[in-house]
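Q: One structure, pasted below without further comment.
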Amino acid sequence: MAGTIVRVATCRCGQLQATCTGEPVRVSVCHCLDCQKRSGSAFAVQARWPHADVTLAGEFTEWSHTADSGSRATFRFCPRCGATVTFAIAALPGLTGVPVGAFADPQFPPPAFSVYEARMHSWVAIVGADVERWD
């Protein structure tokens with residue numbers, strides 16, 4: 001389709017790619033402890049598309065885990081460099097999550113949701129008047 005936005009996320013070594021077609025249906029910041037561990041940072045930022053709008057190319061390994069929220073998550077990551085490129089959580093069925101950093105695009109759309117703010121580090125500030133906030 002002419003004019004359709006296509007974004008490509010990659011792992012650190014570049015062998016695993018996720019091609020995402022169209023705009024994400026959700027961009028969020030998560031402060032849960034599992035996302036902190038996955039990202040290696042104080043929070044994680046991810047975008048989500050319908051499963052059908054994300055195509056993976058390259059080798060990946062899957063790992064599933066039940067988070068402390070009780071929701072099951074399945075992560076797809078590069079077996080060479082270990083970077084997570086996509087994931088899906090049972091709490092948001094039909095959607096594939098992609099870490100925003102995997103796009104390496106400073107112009108990526110900002111988050112509209114900030115979740116698990118009760119676990120947010122005291123020095124973090126997620127700005128934006130339209131950001132929906134959840135504990």
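Conditions (1) among the hydrophobic types (A, V, I, L, M, F, W, C); (2) in contact (Cβ under 8 Å) with a residue 40 or more places away in the chain; (3) in contact with a Phe, Trp or Tyr (Cβ under 9 Å, 6 or more places away or on another chain), marked per residue:
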residue	(1), (2), (3)
Ala9	yes, yes, yes
Cys20	yes, yes, yes
Arg26	no, yes, yes
His31	no, yes, yes
Arg48	no, yes, no
Phe60	yes, yes, yes
Ala67	yes, no, no
Gly70	no, no, no
Phe75	yes, no, yes
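Q: Right, something else. Do any residues in the stretch 86-115 that are over 15 Å from Trp49 (Cα atoms) have Cβ atoms under 6 Å from those of residues that are outside any strand (DSSP E or B) and open to solvent by 40 Å² or more (accessible area, probe 1.4 Å), where the two are at least six apart or on different chains, and which pairs are they?
A: Val115/Trp134
Q: If only one of Asp68, Asp34, Asp105, Asp53 is over 21 Å from Glu132 (Cβ atoms), open to solvent by 20 Å² or more (accessible area, probe 1.4 Å), of a type in the set (Asp, Glu) and modelled with pLDDT under 95, which one is it? So that I can check it myself, show each step before the final result.
A: Numbers: Asp34 fails: over 21 Å from Glu132 (Cβ atoms); Asp105 fails: modelled with pLDDT under 95; Asp53 fails: modelled with pLDDT under 95.
Matching residue, one of Asp68, Asp34, Asp105, Asp53: Asp68.
Q: Of (1) touching a strand residue (DSSP E or B) at 6+ places or on another chain (Cβ under 8 Å); (2) open to solvent by 40 Å² or more (accessible area, probe 1.4 Å); (3) of a type in the set (A, V, I, L, M, F, W, C); (4) farther than 16 Å from Ala91 by Cα, Val25 satisfies all except one. Which?
A: Of everything listed in (1) touching a strand residue (DSSP E or B) at 6+ places or on another chain (Cβ under 8 Å); (2) open to solvent by 40 Å² or more (accessible area, probe 1.4 Å); (3) of a type in the set (A, V, I, L, M, F, W, C); (4) farther than 16 Å from Ala91 by Cα, Val25 misses just condition (4).
Q: Step by step: first the residues of the stretch 115-135, then only those that are part of a loop (DSSP other than H, G, I, E, B) and more than 16 Å from Ala42 (Cα to Cα), then the one that is least open to solvent (accessible area, probe 1.4 Å). Which residue is that? Quick ask: steps written out before the conclusion?
A: Just the residues of the stretch 115-135 that are part of a loop (DSSP other than H, G, I, E, B), to begin with: 116, 120-131, 134-135.
So of that shortlist, the ones also more than 16 Å from Ala42 (Cα to Cα) come out as 128-131, 134.
On the way: Gly128: 41, Ala129: 107, Asp130: 141, Val131: 20, Trp134: 114 Å².
Taking the candidates together, the pick is Val131.
Q: Further question: Taking into account only those residues within the stretch 76-111 that are in contact with a Gly (Cβ under 8 Å, 6 or more places away or on another chain) and not polar (S, T, N, Q), which is farthest from Cys30 (Cα to Cα)? If you could, list the steps in order and put the result at the bottom.
A: Pass one, the stretch 76-111, residues in contact with a Gly (Cβ under 8 Å, 6 or more places away or on another chain): 78, 86-89, 110-111.
Then drop every residue that is not not polar (S, T, N, Q), which leaves 78, 87-89, 110-111.
Working: Cys78: 22, Phe87: 14, Ala88: 14, Ile89: 13, Pro110: 13, Pro111: 10 Å.
By that ranking, first place goes to Cys78.
The values are calculated or read from the model by the stated rules, or taken from the named source; none is laboratory data. No experiment lies behind these values; they were computed from the predicted model shown. Here Cβ is always computed from backbone atoms with ideal geometry, including for glycine, and neighbour counts include all displayed protein chains. Accessible surface is based on the protein model in full, side chains and every heavy atom, while ligands, DNA and RNA are left aside. Shrake-Rupley method; radii C 1.70, N 1.55, O 1.52, S 1.80 Å.
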